[in-house]
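Have a look at the structure below, then the notes.
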There are 2 protein chains.
Amino acid sequence: MNDKLELDKRKAFILATVVYEYINTAEPVGSVTLTQKYNLGVSSATIRNEMAELEAGGYLVQPHTSAGRIPSDAGYRTYVDRLMQPESLTKDDSRRIRDEFREASRELGDVIEQTTRLLSGLSGNLAIAIAPSRDSHAFKHVQLIWLSPRTSLIVVVTSGGVAAQSVVEWSTDVAADDLTRLSNALNTRFGGRVMEDVGAPDVDAVCAELHVSAQIRDAVRAAFAASRKAGEPEIAAAGAQNLLDQPEFHDLRKLRAILRIIEEQRTLYDLIADELAADGTGTDPAPHVRIGHELRADELSECSVVTVPYRFGDRGVGMLAILGPRRMPYGRLIALASGTARSLGDHLNDVEIR
Amino acid sequence: MNDKLELDKRKAFILATVVYEYINTAEPVGSVTLTQKYNLGVSSATIRNEMAELEAGGYLVQPHTSAGRIPSDAGYRTYVDRLMQPESLTKDDSRRIRDEFREASRELGDVIEQTTRLLSGLSGNLAIAIAPSRDSHAFKHVQLIWLSPRTSLIVVVTSGGVAAQSVVEWSTDVAADDLTRLSNALNTRFGGRVMEDVGAPDVDAVCAELHVSAQIRDAVRAAFAASRKAGEPEIAAAGAQNLLDQPEFHDLRKLRAILRIIEEQRTLYDLIADELAADGTGTDPAPHVRIGHELRADELSECSVVTVPYRFGDRGVGMLAILGPRRMPYGRLIALASGTARSLGDHLNDVEIR
DNA sequence: GCCTGGCACTCCGGAGACCCGACTGCTAAG
DNA sequence: CTTAGCAGTCGGGTCTCCGGAGTGCCAGGC
């Protein structure tokens, strides 16, 4: 393999055309097809020579002798990075996106799910969304609310919104005043802190000062523990059945592997999360494409993923992704993902989200 | 078809054996196989005659001439209702169920999901769970909490727990006293009501009495709307990839149809919800089996579903289900579903669930 | 030196042809 | 009522064959 192979204008055009044709037909493309469908001004023999060189350069591969060529990972990569012309949203698509978000839910989890359904429908592939993590949020407020002598409500609020709330039942009567005093003490003590810094010992200290019963102390502890756990990533996926249409997934073994990955949210999350980390603060919400082995997962060696981050106010950065066969219409999917991410961000930031 | 065909002892045994054998092998079963593997005391010719009668009676069908027989819906039905011997949980299974719930989450949604993963793993089929609906819950408490001059927290509590909470931002300063007064007024007004009876007009009336700003009124309205919407059914499914192992789903068209149903939670819910309604208050948590066309969905004509209700304190009745090919090990799956439902119910009722 | 027409070669995949095996239904006899 | 035996049916696996698509290479032309 000669990695240094420079692509002259004609080679570039041929490569682009092969990729384009293969994406549309799912059939290996040969030199004659090329000369017939696209006017290249040269004969098929010349194309053959060029294609042989492109194969030597690692951009194309032959499934078997006497078949046409299909793009390699590197071929797709070059296509996406340098040859493809960017597309913008069609009128129809952007209208459908707008309409969808016009009546979107106000519940973060619901919005995420709805977005994946939308994006999988538009793209005809599997769509994935992860919600911004609520890590590193500032403590804002805690309140113990008297409901009845034997029941109370505990609410913990962080900069990310209400992080935990629960109704608890006491075995003995509790006075409203005591709850208020405890609330105030906790608030002064924890004000300005980050959630990670509020541990069980801190809660215990305050409770001890006020001679609060063990029962109440445990309940408060649990509430804080839950509010820290609320930072767990939320993730949604939709459109798995779309993948069945693609001939590359007609093989049951491959299909099974993919389905397993989709159901294991952990793997799915990891798949996209490194992109999140790489993106850092995500000042530019640029779409990223990872192709085949770049995904570093054997089961996904025939897949590509388009990811695009979106920003949700002070809650951080979330991620939208489309997973499909390597042979995907990159231009269109990038436009769709970007457009959807933008609308999703707008929706989240405009509307009061719970 | 002669529906009145009475099954004498031998016919019953043959039918049971055919179903059993087909469940285990997935191959149409013929008369010779039967005589060889099970000692019936008669020759294969006799079995052939009997099987022909069973086919005439509608219990068996032949995929094509010169193939063995497979059970019809009616055949499975008879097997499940009258011929099959009930199984109980194996030691191993019940241990795994117990272990799983020992460290189960305290979040209802999480528990539901975890349960489907457990049940799909144990059963090797698709597992579905729906959480008890929170419909018809009693209003308990509403509280507007002062966080800062420009931000407040609104919490609505129903008999089902915290139904809605949100942090709202005001465009003008708000006094803590006003919030307390409004909270008290709302509580006295709505105390003892059912959530369905608390509409926007009621909220408006109280707000008007106290001359509360439109901004606050709208926020309270939204909180109540959200808390009514919290009654929406929660549903989870896991184990779709298990279905790929079954030869009946190797046909891509069928597979696609099934996957679509699984992803459309609405359909999935409907599929199981009528069972919920039929079960009523569910005093006896008996498992139900629906076979093939009994499911009233063409896509599922080759599937069966085992459902079993579980009770969650005063929140109502939820449902656990296993969906798989008609050719499923009914005895084992019924035992698994029942056992899991029991443990799930115990867990939910013992632990303080948020 | 690059392009092109032509030719020989390769290989996949679909269409038949074929046979084997697994059943059944039926009949006649015990 | 049961049984052995037999003829008939049908699906599915295997084998062969052939056409089509495509390649690589070579020799000649611009």
State all residues of the range B:19-35 that are more than 30 Å from the chain's Cα centre (by Cα) and more than 9 Å from DNA strand C (Cβ to nearest atom); if no residue qualifies, say none.
B:35
Quick one: what pairs do we get from the range A:49-68, first residue within 15 Å of residue A:8 (Cα to Cα), second of a type outside the set (D, E, K, R) and near DNA strand C (Cβ under 10 Å from one of its atoms), C-beta under 8 Å, 6+ apart or different chains?
A:51/A:31; A:55/A:62
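Working carefully through the options A:67, A:56, find the one that is away from DNA strand C (no atom under 15 Å from the Cβ) and farther than 30 Å from residue A:337 by Cα. Write out each step before concluding.
Numbers: A:67 fails: away from DNA strand C (no atom under 15 Å from the Cβ).
None of the other options fit; the residue is A:56.
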Pairs only if they're at least six apart or on different chains, beta carbon under 7 angstrom, first in the range A:22-41 and more than 14 Å from every other protein chain (Cβ to nearest Cβ), second within 12 Å of DNA strand C (Cβ to nearest atom) and polar (S, T, N, Q); list them, first residue then second.
A:31/A:44; A:32/A:44; A:35/A:43; A:35/A:44
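Quick check on my filter: what residues within the range A:23-75 are among the polar types (S, T, N, Q), within 12 Å of DNA strand D (Cβ to nearest atom) and part of a loop (DSSP other than H, G, I, E, B)?
Looking only at the range A:23-75, we keep the residues that are among the polar types (S, T, N, Q), and these are A:24-25, A:31, A:33, A:35-36, A:39, A:43-44, A:46, A:49, A:62, A:65-66, A:72.
Still in the running and within 12 Å of DNA strand D (Cβ to nearest atom): A:25, A:31, A:33, A:35-36, A:43-44, A:46, A:49, A:62, A:65-66.
Of everything in the range A:23-75, those that are among the polar types (S, T, N, Q), within 12 Å of DNA strand D (Cβ to nearest atom) and part of a loop (DSSP other than H, G, I, E, B) turn out to be A:43, A:62, A:65, A:66.
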The lone exception for residue B:312 - which of (1) modelled with pLDDT under 90; (2) more than 17 Å from the chain's Cα centre (by Cα) it fails:
(2)
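What about residue B:176, is it loosely packed, with under 15 Cβ neighbours inside 10 Å and within 14 Å of chain A (Cβ to nearest Cβ)?
yes
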Just give me the residues in the range A:301-318 being over 19 Å from residue A:130 (Cα atoms) and either in contact with a Ser or Thr (Cβ under 8 Å, 6 or more places away or on another chain) or in contact (Cβ under 8 Å) with a residue 40 or more places away in the chain (or both), in sequence order.
A:302, A:303
Count of the range A:228-268 residues which are more than 11 Å from chain B (Cβ to nearest Cβ), over 21 Å from the mean Cα position of the chain (by Cα) and over 23 Å from residue A:123 (Cβ atoms):
1
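Residue by residue, here is whether (1) within 13 Å of chain A (Cβ to nearest Cβ); (2) within 14 Å of residue B:180 (Cα to Cα) holds:
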site: B:123; (1), (2): no, no
site: B:137; (1), (2): yes, no
site: B:140; (1), (2): yes, no
site: B:146; (1), (2): yes, yes
site: B:152; (1), (2): yes, yes
Select from the range B:343-354 the residues that are assigned to a helix (DSSP H, G or I) and surrounded by fewer than 18 Cβ atoms within 10 Å (Cβ to Cβ) and write down the one among them that is modelled with the highest pLDDT.
B:346
If residue A:13 satisfies every condition in (1) within 36 Å of the chain's Cα centre (by Cα); (2) in a loop (DSSP other than H, G, I, E, B); (3) within 14 Å of DNA strand C (Cβ to nearest atom); (4) of a type in the set (A, V, I, L, M, F, W, C) but one, which is the exception?
(2)
When you scan the range B:95-107, do you find a residue that is under 25 Å from residue B:310 (Cα atoms), away from DNA strand C (no atom under 11 Å from the Cβ), polar (S, T, N, Q) and in a helix (DSSP H, G or I), even just one?
no
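Against the definition (buried (at least 16 other Cβ atoms within 10 Å of the Cβ) and either at pLDDT below 90 or assigned to a loop (DSSP other than H, G, I, E, B) (or both)), how does residue A:317 come out, yes or no?
Details: buried (at least 16 other Cβ atoms within 10 Å of the Cβ): yes; either at pLDDT below 90 or assigned to a loop (DSSP other than H, G, I, E, B) (or both): yes.
Judged against the criteria, residue A:317 is a match.
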Quick test of your reading of the structure: residue B:63 fulfils all but one of (1) surrounded by 14 or more Cβ atoms within 10 Å (Cβ to Cβ); (2) within 19 Å of residue B:293 (Cα to Cα). Name the failing condition by number.
(1)
State all residues of the range B:79-89 that are within 18 Å of residue B:23 (Cβ to Cβ) and surrounded by 14 or more Cβ atoms within 10 Å (Cβ to Cβ); if no residue qualifies, say none.
B:79, B:80, B:83, B:84, B:87
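Which residues, counting only those in the range A:292-304, are among the aliphatic types (A, V, I, L, M) and closer than 15 Å to residue A:248 by Cα? Reasoning before the result, please.
Pass one, the range A:292-304, residues among the aliphatic types (A, V, I, L, M): A:295, A:297, A:300.
Answer for the range A:292-304, where residues must be among the aliphatic types (A, V, I, L, M) and closer than 15 Å to residue A:248 by Cα: just A:300.
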Can you confirm whether residue A:162 is buried (at least 17 other Cβ atoms within 10 Å of the Cβ), within 14 Å of chain B (Cβ to nearest Cβ), at pLDDT below 90 and in contact with a Ser or Thr (Cβ under 9 Å, 6 or more places away or on another chain)?
yes
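The values are calculated or read from the model by the stated rules, or taken from the named source; none is laboratory data. Keep in mind that this is a model prediction, so the values were computed, not measured. No Cβ is skipped: glycine too gets one built from the backbone with ideal geometry, and neighbour counts run over all protein chains shown.
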